[in-house]
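> First, the structure itself, so that you have it in front of you.
The values are calculated or read from the model by the stated rules, or taken from the named source; none is laboratory data. Worth saying up front: this structure is predicted, and the values here are computed from it rather than measured. Virtual Cβ from ideal backbone geometry, glycine too; neighbours counted across all protein chains shown.
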Amino acid sequence: MEKDNLDSLRQQIRGVTAEIMQKIQERMDLARQIGDVKNKMNIDVKDEKVEQEVRLAVMKQAGELGMDKDFALRLLSILLSESEAVQARGRKSAAPKQTHLGIFQKARQLEESGKKMIHLEVGEPDYPAPESVGNALSDAFRSKKYHYTETAGIPQLRNAIAQIAGVGRDEVIVTPGGRFAVFSAIAGLIKPGQEIITIEPAWPAYRECAEFIGAKTRVLRTTFESQWTPDLSELESLVNEGTKMIAINYPNNPTGKTVDRKTLSAIVSIAQKHDLYLLSDEVYSEYAFGQFHGVLGFGYEKSIVVSSFSKTYAMTGFRIGHAIASPDIIKKMTKVQAVGVTSVAEPIQHAAMAALSEDASANVRLVEKRLKFVCSKLDQMGLKFVKPTGAMYVYPQLPFGEDMPIVESLLERGLAIAPGSGFGDSYSGFVRISACRPEDELARGLEILSSVLRAA
Ligand code: PLP
């Protein structure tokens, strides 16, 4: 009897699934036709207003049907992404976008073929990691501290980080670099189809992580004219029922912008009001040339603060960073880390422990001085830029043309800089110059930039 019932239900569910598939195929055909019309009319594939109307209609229907709204939105998000992909397929493909890392790879290839390059494209300090870090690393080897550790990090290091931050140990996770902290926060907290808001120009990893797990990114664009200040009412207008996280980064890569406490407080309030996670990437917190304002001070329980040893202590290749969040969030991030890497290498955790007692202020002063030097040279060249108040970069506006042809001809002349469009689609009129090299090298690089711009 029960068996017959089960068979009949299974038969019905197969039928409903087939109907859904049929309807999805019909939807895709319609999307293709819409794409053709848009192409003829020469209008963008993406239309946020229409998307929002569809979203509201689906929410209403889900309410009437008694369907879980989150689930309905996730399904819709998958359908919208597929429509977009189908419509974009008919378009002439744009030139593939290059990030600063792509240019770095190209510069490396040129070096292999014997060309001399000046590297102003990556944010990698040229000064050494502290001596004590090297000593701790060899001590760890001698005392055989090279085993698997707790996934969230060795207790000593978590305790030390917790003590500095004024939080509990269960609010800390040690990660293989700030990048993996960003990844495990997004992968651990966001489901496919849900949405993340980023503020561009931005380090591309937030968008890349979101896309990797099948989430969607909504972008708040900031402008040179408004000194890269986020428009907070616009930020709030981007929030919809599918939004789960806002990702921010101050001091900012690539603009060098920092925000005041009032702006940060308003961003925290928007996250709080809409019950969103707030991912605050603060890997450049030490490189704030005025007072630094971080998200931790607001005590918002859905915030995740990402930090790194890479920039502060020149430890990029050690691959170690950390995040601070509520114990519940840390548990979710730890699950991702357990699946992906087991733990950060034990000797590296001991090395990081040593770094924590070092004073990084000389590094910070050096970068600040170099940035001033770059700014004065750019001023002499008549280039416009917003003066950086933090991080390691200047993001000048090109006087004409697009970033990629200029970046390519600079590469041929032996200078690598990052194209502005690697930090957001709207920024091909900018380039990013990293101040991580000595002044004489910066001067030679900027002389190449100046001569290429003059010759163009
Ligand atoms: N966050 C930002 C804004 C960065 O610019 C970078 C590196 O350039 C990172 C995070 C990653 O740093 P890590 O080396 O700790 O992964």
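> Name the pairs whose Cβ atoms lie under 7 Å apart, with the first residue in segment 295-312 and among the basic types (Lys, Arg), the second within 16 Å of the ligand (Cβ to nearest atom) and not in a loop (DSSP other than H, G, I, E, B), and 6 or more positions between them or separate chains?
Close Cβ pairs (under 7 Å, with a partner that is within 16 Å of the ligand (Cβ to nearest atom) and not in a loop (DSSP other than H, G, I, E, B)) amount to Lys302/Leu278; Lys311/Tyr287.
> Out of (1) free of Cβ contacts under 8 Å to residues at least 12 places away in the same chain; (2) of a type outside the set (A, V, I, L, M, F, W, C); (3) over 30 Å from Glu358 (Cα atoms), the odd one out for Lys144 is which?
Lys144 satisfies every listed condition except (3).
> Which ones in segment 166-204 are of a type in the set (A, V, I, L, M, F, W, C), assigned to a loop (DSSP other than H, G, I, E, B) and either within 27 Å of Arg55 (Cα to Cα) or more than 10 Å from the ligand (Cβ to nearest atom) (or both)?
The first filter runs over segment 166-204 and keeps only residues of a type in the set (A, V, I, L, M, F, W, C), leaving 167, 172-174, 180-183, 185-187, 189-190, 196-197, 199, 202-203.
So of that shortlist, the ones also assigned to a loop (DSSP other than H, G, I, E, B) come out as 167, 190, 202-203.
Selection gives Val167, Ile190, Ala202.
> May I ask you to say which residue of Glu282, Glu358 is buried (at least 22 other Cβ atoms within 10 Å of the Cβ) and charged (D, E, K, R)? If you could, list the steps in order and put the result at the bottom.
Numbers: Glu358 fails: buried (at least 22 other Cβ atoms within 10 Å of the Cβ).
Checking each option against the conditions leaves just Glu282.
> Collect the residues in segment 386-402 that are within 16 Å of the ligand (Cβ to nearest atom) and either modelled with pLDDT under 95 or part of a loop (DSSP other than H, G, I, E, B) (or both), keeping them in residue-number order. Write out each step before concluding.
Residues of segment 386-402 within 16 Å of the ligand (Cβ to nearest atom): 388-395.
The answer is Pro388, Thr389, Ala391, Met392, Tyr395.
> Hey, among Asp275, Asp359, which residue is within 15 Å of Ala129 (Cβ to Cβ), acidic (Asp, Glu), away from the ligand (no atom under 16 Å from the Cβ) and out of contact with any helix residue (DSSP H, G or I) (no Cβ under 8 Å at 6 or more places or on another chain)? I'd like the intermediate steps shown before the answer.
Details: Asp275 fails: within 15 Å of Ala129 (Cβ to Cβ).
So the residue among Asp275, Asp359 that is within 15 Å of Ala129 (Cβ to Cβ), acidic (Asp, Glu), away from the ligand (no atom under 16 Å from the Cβ) and out of contact with any helix residue (DSSP H, G or I) (no Cβ under 8 Å at 6 or more places or on another chain) is Asp359.
> Identify, from the list Ala95, Ala140, Ala129, Ala107, the residue that is assigned to a loop (DSSP other than H, G, I, E, B), of a type outside the set (Asp, Glu) and modelled with pLDDT of 90 or more.
Ala129
> Sticking with this structure for a sec: Select from segment 288-312 the residues that are under 26 Å from His274 (Cα atoms), within 13 Å of the ligand (Cβ to nearest atom) and either of a type in the set (S, T, N, Q) or part of a helix (DSSP H, G or I) (or both) and list them in ascending order.
Passing the criteria: only Ser307.
> Can you tell me which residue in segment 238-252 is farthest from the ligand (Cβ to nearest atom), limited to those that are closer than 17 Å to His293 by Cβ and out of contact with any helix residue (DSSP H, G or I) (no Cβ under 7 Å at 6 or more places or on another chain)?
Restricting to residues being closer than 17 Å to His293 by Cβ and out of contact with any helix residue (DSSP H, G or I) (no Cβ under 7 Å at 6 or more places or on another chain), the top hit is Tyr250.
> Follow-up. Here are the criteria: (1) surrounded by fewer than 19 Cβ atoms within 10 Å (Cβ to Cβ); (2) in a helix (DSSP H, G or I); (3) out of contact with any strand residue (DSSP E or B) (no Cβ under 9 Å at 6 or more places or on another chain). Tell me which single one Lys116 does not satisfy.
Going through the list (1) surrounded by fewer than 19 Cβ atoms within 10 Å (Cβ to Cβ); (2) in a helix (DSSP H, G or I); (3) out of contact with any strand residue (DSSP E or B) (no Cβ under 9 Å at 6 or more places or on another chain), Lys116 breaks only (2).
> Among the numbered criteria (1) closer than 27 Å to Lys46 by Cα; (2) away from the ligand (no atom under 16 Å from the Cβ); (3) crowded, with 17+ Cβ neighbours inside 10 Å, which one does Val268 miss?
(1)
> Could you please let me know if Glu241 is buried (at least 21 other Cβ atoms within 10 Å of the Cβ) and touching a residue at least 40 places away in the same chain (Cβ under 8 Å)? Working first, answer last.
On the way: buried (at least 21 other Cβ atoms within 10 Å of the Cβ): no; touching a residue at least 40 places away in the same chain (Cβ under 8 Å): yes.
The answer is no for Glu241.
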